[in-house]
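What follows is one structure encoded as structure tokens, with my remarks underneath.
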Amino acid sequence: MVDSAEGFIFASYLAWAKANLLRPIILFVVACLVFNLPTFIHRVRLTIQGVLYLIFCNDKSWKKPKDPASYFNSIDKSKVTKKTVVFVRHGESTWNDTFNKGSHRSALVFVLGFIPGLIKSVLYETYLVLSGKVDSWFYDSPLSYLGLGQVDDLGKFLGKKPVGVSDEEAKMISILRGDAGAPESKILCSSLRRAISTMAAGFRERLSRRPGDKILVIPSLQEISRNPDTLSITPAQKQVTASWIDKGSKICDFQKNFTQQTDMSLHKGNKPIKTNGLLRMNEFCDFVFSPNVQEEYVIVGGHSIWFRSFFRTFIPYNTDHVSKKRKVVNAGCVSFTLLKATTNEGDKYMVDPQSVQVIYGGF
């Protein structure tokens with residue numbers, strides 16, 4: 001009897017909620033979407049693109065190329081040119097915060113917090129959609145609060161002149177800082193917001209001191225994955241919009257750095273479905289040695305899977321190296337020498353494994 005009474009009360013409450021709340025909620029949601037129609041349409045297109053990419057892309061699939069050492073072991077050394085490249089991995093993202101354990105928490109803490117964290121992220125995504133913001137927790141996921149802290153630490157490291165390090169390390173840090181007298185360097189970056197934010201904040205002292213410096217965004221650095229966090233939310237050749245997390249940060253003026261010192265002229269919007277990681281890595285190498293990059297030193301803001309794939313592809317196959325097994329840590333900086341040789345099969349590239357050097361963070 002008691003159970004039936006409780007069931008009746010529950011059913012009554014449910015009927016009341018349906019009659020009195022459902023219609024206003026639906027009207028509110030529709031009004032929000034209509035009021036923010038252009039942004040909503042952009043999000044719908046991005047969602048469709050994300051679904052298609054999830055189903056049809058082969059971003060991680062390619063035929064393994066020949067061992068780069070096979071080209072360089074027999075070539076005339078005078079025909080080999082080189083550049084020094086520094087990989088800078090982005091700080092932790094909101095996607096990482098929701099779906100990856102990370103090194104900052106135990107497996108137990110991650111498992112217990114996964115469902116609450118997922119609910120929080122979905123609710124926040126709903127708020128971003130209804131409020132008409134060109135922002136997302138999942139698509140082109142921005143730096144998380146932890147990621148901001150990691151990037152801030154990198155900025156503090158680069159904000160001071162090197163002390164107590166080897167001459168080679170001091171030289172590389174000075175290049176990253178853009179110190180007077182140091183060799184000139186060019187900053188390249190992925191089109192994804194977490195990478196651009198990392199470069200804007202991590203190199204804030206340099207950008208502030210050298211207002212003519214630009215972060216040049218190039219399509220070939222977009223992350224290798226089918227996940228929606230690897231799709232750019234920024235339309236082609238449009239300026240990046242600071243995320244809600246970036247806007248609330250006092251580390252630097254993100255939007256100012258995006259607007260004044262980020263070059264989006266080569267940004268194409270998103271990687272095509274028919275591309276793959278190997279194609280983009282070769283495109284990157286071609287670009288580094290093209291007339292677009294006159295500088296000998298190239299600083300690259302990017303992603304863990306892209307970087308690890310690069311080392312696996314361009315370090316000689318018989319060389320056992322940590323970079324092939326482990327990812328660069330969040331906000332870590334690793335330098336190396338990239339070699340180019342022109343052969344009968346076209347331009348070929350190789351990373352000198354002896355040149356790989358940790359500047360900050362490591363693997």
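Quickly run through segment 174-189 and pick out the residues that are aliphatic (A, V, I, L, M) and buried (at least 17 other Cβ atoms within 10 Å of the Cβ).
So in segment 174-189, the residues aliphatic (A, V, I, L, M) come out as 175-176, 180, 182, 187-188.
Selection gives I175, L176, I187, L188.
Yes/no per residue for (1) assigned to a helix (DSSP H, G or I); (2) modelled with pLDDT of 85 or more:
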position	(1), (2)
L14	yes, no
I26	yes, no
V30	yes, no
P65	no, yes
S70	yes, yes
I75	no, no
R105	no, yes
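Among the residues of segment 73-101, how many are over 26 Å from the mean Cα position of the chain (by Cα) and either surrounded by 20 or more Cβ atoms within 10 Å (Cβ to Cβ) or without any contact (Cβ under 8 Å) to a residue 60 or more places away in the chain (or both)? Give the steps one after another, and end with the answer.
Step one: list which residues in segment 73-101 are over 26 Å from the mean Cα position of the chain (by Cα), which gives 73-81.
Applying the additional criterion that residues be either surrounded by 20 or more Cβ atoms within 10 Å (Cβ to Cβ) or without any contact (Cβ under 8 Å) to a residue 60 or more places away in the chain (or both) yields 73-74, 76-78.
Total satisfying the criteria: 5.
Residue check, K156 against (1) under 18 Å from I299 (Cβ atoms); (2) open to solvent by less than 30 Å² (accessible area, probe 1.4 Å); (3) in a helix (DSSP H, G or I), all met but one. Which one?
(2)
In segment 120-143, which residues are part of a helix (DSSP H, G or I), open to solvent by 20 Å² or more (accessible area, probe 1.4 Å) and hydrophobic (A, V, I, L, M, F, W, C)?
Across segment 120-143, the qualifying residues are V122, L123, V129, L130.
Touching a Cys at 6+ places or on another chain (Cβ under 7 Å) and either surrounded by fewer than 21 Cβ atoms within 10 Å (Cβ to Cβ) or closer than 30 Å to N227 by Cβ (or both): does that describe R193? Even if it seems obvious, please write down each step before you answer.
Working: touching a Cys at 6+ places or on another chain (Cβ under 7 Å): no; either surrounded by fewer than 21 Cβ atoms within 10 Å (Cβ to Cβ) or closer than 30 Å to N227 by Cβ (or both): yes.
Spelling it out, it is not the case that R193 is touching a Cys at 6+ places or on another chain (Cβ under 7 Å) and either surrounded by fewer than 21 Cβ atoms within 10 Å (Cβ to Cβ) or closer than 30 Å to N227 by Cβ (or both).
Across segment 302-337, which residue is surrounded by the most Cβ atoms within 10 Å (Cβ to Cβ) among those that are aliphatic (A, V, I, L, M) and assigned to a helix (DSSP H, G or I)? It would help to see each step written out before you state the result.
Keep residues of segment 302-337 that are aliphatic (A, V, I, L, M), which gives 305, 315, 322, 328-329, 331, 334.
With the extra rule that they be assigned to a helix (DSSP H, G or I), the set shrinks to 305, 322.
Working: I305: 17, V322: 12.
Across segment 302-337, the extreme among qualifying residues is I305.
Checking L146 against (1) at pLDDT below 95; (2) crowded, with 16+ Cβ neighbours inside 10 Å; (3) not β-branched (V, I, T), which single condition isn't satisfied?
(1)
Condition first: at pLDDT below 95, assigned to a helix (DSSP H, G or I) and either under 17 Å from the mean Cα position of the chain (by Cα) or of a type in the set (S, T, Y) (or both). Can you find one or more residues in segment 208-228 that meet it?
Yes: one or more hits.
If the requirement is being surrounded by fewer than 18 Cβ atoms within 10 Å (Cβ to Cβ) and in contact with a helix residue (DSSP H, G or I) (Cβ under 9 Å, 6 or more places away or on another chain), which of these qualifies: P211, P219, P228? I'd like the intermediate steps shown before the answer.
Working: P219 fails: surrounded by fewer than 18 Cβ atoms within 10 Å (Cβ to Cβ); P228 fails: surrounded by fewer than 18 Cβ atoms within 10 Å (Cβ to Cβ).
Step by step, each of P211, P219, P228 is checked, and only P211 is surrounded by fewer than 18 Cβ atoms within 10 Å (Cβ to Cβ) and in contact with a helix residue (DSSP H, G or I) (Cβ under 9 Å, 6 or more places away or on another chain).
Is it fair to say G346 is open to solvent by less than 50 Å² (accessible area, probe 1.4 Å) and modelled with pLDDT of 95 or more? Show your work before the answer.
On the way: open to solvent by less than 50 Å² (accessible area, probe 1.4 Å): yes; modelled with pLDDT of 95 or more: no.
Against the criterion (open to solvent by less than 50 Å² (accessible area, probe 1.4 Å) and modelled with pLDDT of 95 or more), G346 does not qualify.
Going by what's in this entry, would I55 be described as at pLDDT 85 or above and in a helix (DSSP H, G or I)? So that I can check it myself, show each step before the final result.
On the way: at pLDDT 85 or above: yes; in a helix (DSSP H, G or I): yes.
Yes; evaluated as a whole, the condition is true for this residue.
Among the residues of segment 90-105, which ones are of a type in the set (S, T, N, Q) and more than 25 Å from I299 (Cα to Cα)?
Filtering segment 90-105 down to residues of a type in the set (S, T, N, Q) leaves 93-94, 96, 98, 100, 103.
Those that are of a type in the set (S, T, N, Q) and more than 25 Å from I299 (Cα to Cα): T98, N100, S103.
Among F287, F254, which is the only one that is among the aromatic types (F, W, Y) and farther than 23 Å from P183 by Cβ? Even if it seems obvious, please write down each step before you answer.
Values: F287 fails: farther than 23 Å from P183 by Cβ.
Sole residue among the options that is among the aromatic types (F, W, Y) and farther than 23 Å from P183 by Cβ: F254.
Which numbered condition in (1) in contact with a strand residue (DSSP E or B) (Cβ under 9 Å, 6 or more places away or on another chain); (2) within 24 Å of Y360 (Cα to Cα) is the only one that A69 fails?
(2)
Return yes or no: is S290 part of a loop (DSSP other than H, G, I, E, B) and either touching an Asp or Glu at 6+ places or on another chain (Cβ under 9 Å) or not acidic (D, E) (or both)?
Numbers: part of a loop (DSSP other than H, G, I, E, B): yes; either touching an Asp or Glu at 6+ places or on another chain (Cβ under 9 Å) or not acidic (D, E) (or both): yes.
Answer is yes for this residue.
Quickly run through segment 246-287 and pick out the residues that are in contact with a helix residue (DSSP H, G or I) (Cβ under 6 Å, 6 or more places away or on another chain), under 22 Å from W137 (Cα atoms) and assigned to a helix (DSSP H, G or I).
D246, F254, N257
The values are calculated or read from the model by the stated rules, or taken from the named source; none is laboratory data. It should be emphasised that the depicted structure is a prediction, and the values quoted were computed from it without experimental measurement. For neighbour counting, all protein chains shown are included, and Cβ atoms are generated from backbone atoms with ideal geometry for every residue, glycine included. With ligands, DNA and RNA removed, areas are computed over all heavy atoms of the protein, side chains included. Shrake-Rupley method; radii C 1.70, N 1.55, O 1.52, S 1.80 Å.
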